[in-house]
Amino acid sequence: MVIKIIKHIGVPFICCLTIFSSITLGKAPSIAAVLLFGIAFYLSIAFERKLPFSPNIQFILLALFHWSSHLNWCLLLYYLLIGFAIENRLKYTSTFLTALLYIGVYSMIRLSYMPLNYYNLLVSIYDIASSIIFVLLVQFVLKSELDKKRLQQENDYLTTHDPLTGLLNYEGYVTTIENLIVKRFSFVLVLLDFQDFKSVNSENIHNGNETLNQISLLLGNMFYDSYAMSRYAGDQFAIILPARENLISTISESLDANILGFQVTYSFAEYPLEASTKEELISLAEERLFQNKRAVWLKREEHLFRSEKMKMIGELAAGMAHEIRNPLTTIKGFMQIATTRAYNIQPWHELIMSEIRRMNELTAEFLQFSKPHISNMKPESISDCLDRVLSLAESDALYRGHNIIFEDNEEALYIFIDRDKIVQVLLNLIQNAFEAMKHPGDVHVRIKQENELAIIEIEDSGDGMSEGELEKIFNPFYTTKENGTGLGLSICHKIAVDHGGSLEVKSAIGFGSIFSFKLPMVDM
């Protein structure tokens, strides 16, 4: 802008002033010549873009104008030509040579109409030195301006672009949307979220960066006609495409076909059909992307749940087959022995019946474990349930020599339960406490309240359990008892979960165990 002002205002002003002064002061040998060369020099400056050859004759026209005016005031025009040359050629060598040439010609023309004496020679030397300093200063200023401009461009680029992929960042794509809305363009905003990228990135950051670059290249090839492409929020991309017929269905088919090599969740929002502002457009696209990601997550969770359920069924079936095979093997053995004794099974009758009873018990517990739902739910007092449980367990405690210590809560607590199921759980836990104590001891039964939970604790003074045993204690068919089925605590845990509660255990070798049965309370 400054150069343009100098060329179209500064140069003609200096030329006119020089022409007027030369004629007024009687310096011009020929008025026609000074007018002709002055006008020609200015025209070569003014129309240099339209006349490609004009830069080559500007210096010659200036020299002729200087000679015809016989005024040293033309020195400023020489400096302007040097400045124009520096602007186009920033190399020091070429600009120095150009400056020396211009000032050298200026000095020779000046000495042609000035007395050739010591003073004028020193002035010429001074003019040459001044031109060198002028070149250095102009070069320095131009270099500084270029560096400043370059840094500003780099800063602007980093402000609006992703440094890794070179795509726009969030701010850049929002600005693009604003510009398109101002221009009243119709477009579609596409948001992409790459689901599988997180697992790639977690393995190695370098691999993750390469993958992002690969994705950006694939998107560039796929959406080559986009208005803008952006990478933001790590593994999310935004693409702005010109609206056209069947665009959304075409893109959906391509993305669903896994054309990019990654599972991708996507959403669309169209302007101005679905939104009138950039805020509405981005919010709509983000909300749809969130809902789509949630749907994918729920689908994955459902698949994972089915896989875990099938795994559990397999483990249960394997455990059940293993547990039933043992008594069947025993019965088979006795029957084979009986063939050699005329099928007289009397000596092993009790053992065979014991094994059959064991299979019946195992089958009954397995059926109990597999029952899908609880029934007969209603509000019940915890104290009433425990009174029932303690009355049922009292005889077994007396037989084993144990003492049950019941610590009731001061306030009546009510829970929404199937009473028979809860009684079954508590009896099982108290029975386990009895069996855990090899010598007569105390079993503490407590009722507590913790926020909105009612807690029933059953503590024994047995040998306790190791950490390894605690990790597996609720697994089906895991047992530390010689004749146990390993389904009792699994059934208790399932009943607790079905009631919206939990069953937890704390234990240490030599310090006994504490089972905590937690259930949500109801207001009465």
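A few remarks follow.
- Failed item, numbered, when Tyr227 is tested on (1) out of contact with any strand residue (DSSP E or B) (no Cβ under 6 Å at 6 or more places or on another chain); (2) within 24 Å of Lys183 (Cβ to Cβ): (1)
- Pair list, Cβ under 6 Å, 6 or more apart: region 89-103 residue within 13 Å of Ile133 (Cβ to Cβ) and at pLDDT 80 or above, other residue of a type in the set (Gly, Ala, Ser) and crowded, with 17+ Cβ neighbours inside 10 Å: Ala99/Ser131; Ile103/Ser131
- Residue match in region 66-77 (condition: over 16 Å from Val34 (Cα atoms) and in the same structural domain as Ser144 (by TED's automatic domain parsing)): yes
- Every residue from region 388-402 that is touching a strand residue (DSSP E or B) at 6+ places or on another chain (Cβ under 9 Å) and closer than 21 Å to Ile455 by Cα: Val389, Leu390, Ala393
- If only residues of region 223-280 that are modelled with pLDDT of 85 or more and closer than 16 Å to Thr211 by Cβ are counted, the one that is surrounded by the fewest Cβ atoms within 10 Å (Cβ to Cβ) is Gln236.
- Leading residue by the ranking (farthest from Val188 (Cα to Cα)) among those in region 245-267 that are among the hydrophobic types (A, V, I, L, M, F, W, C) and within 19 Å of the chain's Cα centre (by Cα): Phe262
- Each residue in region 11-63 was checked for being surrounded by 14 or more Cβ atoms within 10 Å (Cβ to Cβ), polar (S, T, N, Q) and within 21 Å of Tyr113 (Cα to Cα), and 3 pass.
- Meets criteria (assigned by TED's automatic domain parsing to the domain that holds Ile6, closer than 21 Å to Phe13 by Cα and modelled with pLDDT of 85 or more) for Tyr42: yes
- Within region 53-73, residues that are closer than 18 Å to Leu100 by Cα sit with their Cβ atoms under 8 Å from residues that are of a type in the set (Asp, Glu), at 6+ positions apart or across chains, in these pairs: Pro55/Glu48; Gln58/Glu48.
- Checking the stated criteria, Ala496 turns out to be in a helix (DSSP H, G or I), in the same structural domain as Asp387 (by TED's automatic domain parsing), at pLDDT 80 or above and within 21 Å of Asp523 (Cα to Cα).
- Some residue of region 13-27 being part of a helix (DSSP H, G or I), in contact with a helix residue (DSSP H, G or I) (Cβ under 7 Å, 6 or more places away or on another chain), among the small types (Gly, Ala, Ser) and free of Cβ contacts under 8 Å to residues at least 40 places away in the same chain: no
- Some residue of region 49-59 being at pLDDT below 85 and of a type in the set (S, T, N, Q): yes
- Hits in region 68-88 - residues which are polar (S, T, N, Q), surrounded by fewer than 19 Cβ atoms within 10 Å (Cβ to Cβ) and modelled with pLDDT of 85 or more: Asn72
- Among residues of region 446-471 that are modelled with pLDDT of 85 or more, those with a Cβ under 9 angstrom from a residue that is of a type in the set (Phe, Trp, Tyr) and part of a helix (DSSP H, G or I), sequence gap 6+ or separate chain, pair up as Asp460/Phe434.
- Flag if Arg400 is modelled with pLDDT of 80 or more, basic (Lys, Arg), touching a Phe, Trp or Tyr at 6+ places or on another chain (Cβ under 9 Å) and assigned by TED's automatic domain parsing to the domain that holds Ile473: yes
- Glu380 satisfies every condition listed in (1) in contact (Cβ under 8 Å) with a residue 60 or more places away in the chain; (2) of a type outside the set (A, V, I, L, M, F, W, C); (3) not in a helix (DSSP H, G or I) except (1).
- Whichever residue in region 395-433 is in contact with an Asp or Glu (Cβ under 6 Å, 6 or more places away or on another chain) and part of a helix (DSSP H, G or I) and, among such residues, is nearest to Ser502 (Cα to Cα): Arg419
- Residues that are in a helix (DSSP H, G or I) and among the charged types (D, E, K, R), drawn from region 146-169: Asp147, Lys148, Lys149, Arg150, Glu154, Asp156
The values are calculated or read from the model by the stated rules, or taken from the named source; none is laboratory data. Note that the structure is predicted; figures quoted are calculated from it, not measured. Don't worry about glycine lacking a Cβ; one is built from the backbone with ideal geometry, like all the others, and counts go over all protein chains shown.
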